[in-house]
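Below you'll find the structure, written out as structure tokens, and then a few comments.
Quick note: the coordinates plus some simple rules give every number you see, no bench work behind them. Bear in mind the structure is a predicted one, so any value in this text is a computation, not a measurement. As a convention, Cβ positions derive from the backbone with ideal geometry for all residues, glycine included, and neighbour counts pool all protein chains shown.
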């Protein structure tokens with residue numbers, strides 16, 4: 001960077017000292033301890049120091065404009081110049097799990113107010129527009145603030161900043177955590193496409209009106225409704241499973257008009273430049289497995305599509321956080337329905353901030369199902385699989401083995417069918433596709449969460465986890481393939497006579513019953 005005036009010798013020396021310290025201070029930022037006693041200092045003309053401070057003090061230090069008139073750009077409403085800058089990122093940085101160059105997510109302390117956040121953002125805007133300090137070429141390389149988080153769940157922002165500014169941001173007394181943004185994607189490996197076909201399978205009432213069965217279901221539904229291995233040719237389930245429950249699919253969107261949803265799916269919100277429409281198919285497939293009439297576990301649940309991944313199946317951690325923030329707002333407003341979140345996505349790294357927001361969801365009583373990942377590695381090495389407050393789902397095969405691609409380890413809480421899963425597809429309202437991945441395993445569990453909540457609406461998120469784990473089929477997965485993972489396979493609780501749940505443990509009395517088939 002270049003100082004415009006050679007006369008500012010003192011400021012120049014101080015600035016280079018600050019830059020020298022950045023080379024180690026920012027490696028990696030998310031792991032460094034905070035320094036709340038240090039105030040960030042910007043070097044202004046004539047040696048004057050301007051310190052970014054909380055709202056009640058910053059107004060006296062800097063003559064700020066009316067905050068209500070400050071427009072903070074979002075990440076899908078950028079100027080063409082900014083888009084051109086971001087488009088120059090090398091292709092390898094756009095792959096899931098890679099770090100987004102010079103992009104950061106910043107979280108303020110919980111007691112920070114909206115005014116604190118706005119003043120802090122204005123300080124950043126001022127820094128990045130000060131041509132007396134930096135030439136226009138230097139400033140133009142950075143997009144600045146891209147996205148703002150301002151809710152009871154998180155106050156912070158995402159932006160594209162030079163290292164020296166990140167170092168100053170992290171030293172702010174307002175800032176609790178800074179981490180590099182990274183790319184995430186749907187956890188689905190490439191598989192062959194199935195030709196579009198008319199939906200098959202049908203429902204028939206059993207002798208007992210409390211339970212119905214589906215003949216010739218997708219093999220995953222068959223497997224989770226029977227203890228014994230192999231295919232029985234039936235999916236046995238409660239017809240009202242999922243009633244009163246919204247499953248938020250945080251993904252690529254959903255073809256909500258697909259026949260398999262029967263009007264139970266809707267677009268919730270999109271945080272992608274590609275709009276609401278699912279132009280990828282991943283989110284539609286996941287939604288179908290969770291709650292489709294033919295392909296789904298919870299056939300009476302509603303689907304709410306939250307688009308955080310683009311039509312290539314990729315997105316940023318910051319965008320996922322924005323989507324989760326929206327979901328939590330919906331949950332807070334709607335007290336008459338229960339909610340489940342499915343996250344069939346992940347990357348190659350961890351995110352403390354994303355996991356914190358997920359923790360807030362669980363605190364509101366929302367169980368969360370997460371794909372373990374498809375890298376045949378430790379699930380604890382990536383987020384959100386490492387969260388610790390979710391059900392992380394590994395993928396099993398038709399022969400009850402851990403799928404060769406499925407991540408493993410102590411962070412995996414349960415296995416569910418994840419290979420050759422047939423579900424709804426996005427290309428038409430009757431289209432289907434066969435896909436494999438932990439992305440396909442996770443919505444089996446999300447659907448089961450919705451079923452449990454519909455029967456036991458007073459259950460907490462952790463109650464739901466406990467019920468699902470306790471009724472799971474123990475020892476079903478081939479031990480030789482587990483690689484230190486838990487040996488539990490998803491089961492929906494029907495053994496031909498009663499629901500094998502933990503209802504009495506939680507004061508729950510619901511029961512499924514099937515006298516005969």
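So here's what we get for this one:
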read-out	value
Efficiency of FRET between residue 111 and residue 398 - r from beta-carbon atoms, R0 45 angstrom, step 0.05	0.30
For segment 204-340, alpha-carbon Rg relative to the globular expectation (2.2 N^0.38 Å, N residues)	1.13
Cα convex hull volume per residue for segment 202-506 (Å³)	111
Peptides ranked, highest mean first, by Cβ atoms within 10 Å: ranges 377-387, 471-481	377-387, 471-481
In nm, spacing of pseudo-spin labels at residue 228 and residue 312 (7 Å Cα→C-beta vector)	5.0
Surface/4 estimate of mean projected area, convex hull on alpha-carbon atoms of segment 328-446, nm²	8.3
P(r) histogram, all alpha-carbon pairs of segment 262-404 included - 5 Å bins from 0, percent	2, 9, 18, 22, 23, 17, 7, 2, 0
Gain upon complete extension [residue 330, residue 129; 0.36 nm per residue less C-alpha separation]	68.7 nm
Rg over Rh, two decimals, segment 312-382 (C-alpha only, Kirkwood Rh)	0.99
Relative packing of 158-171, 307-320, which averages over residues the other C-beta atoms within 10 Å, highest first	307-320, 158-171
Per-peptide average of other Cβ atoms within 10 Å, ordering 417-426, 352-361 highest first	417-426, 352-361
Exposure proxy ranking, count of Cβ atoms within 10 Å, fewest first, for 364, 154	364, 154
Segment residue 469-residue 215, length gained on full extension (0.36 nm per residue, minus Cα span)	88.8 nm
Stretch gain in nm, segment residue 428-residue 484, where the contour uses 0.36 nm per residue and the Cα spacing is subtracted	16.0 nm
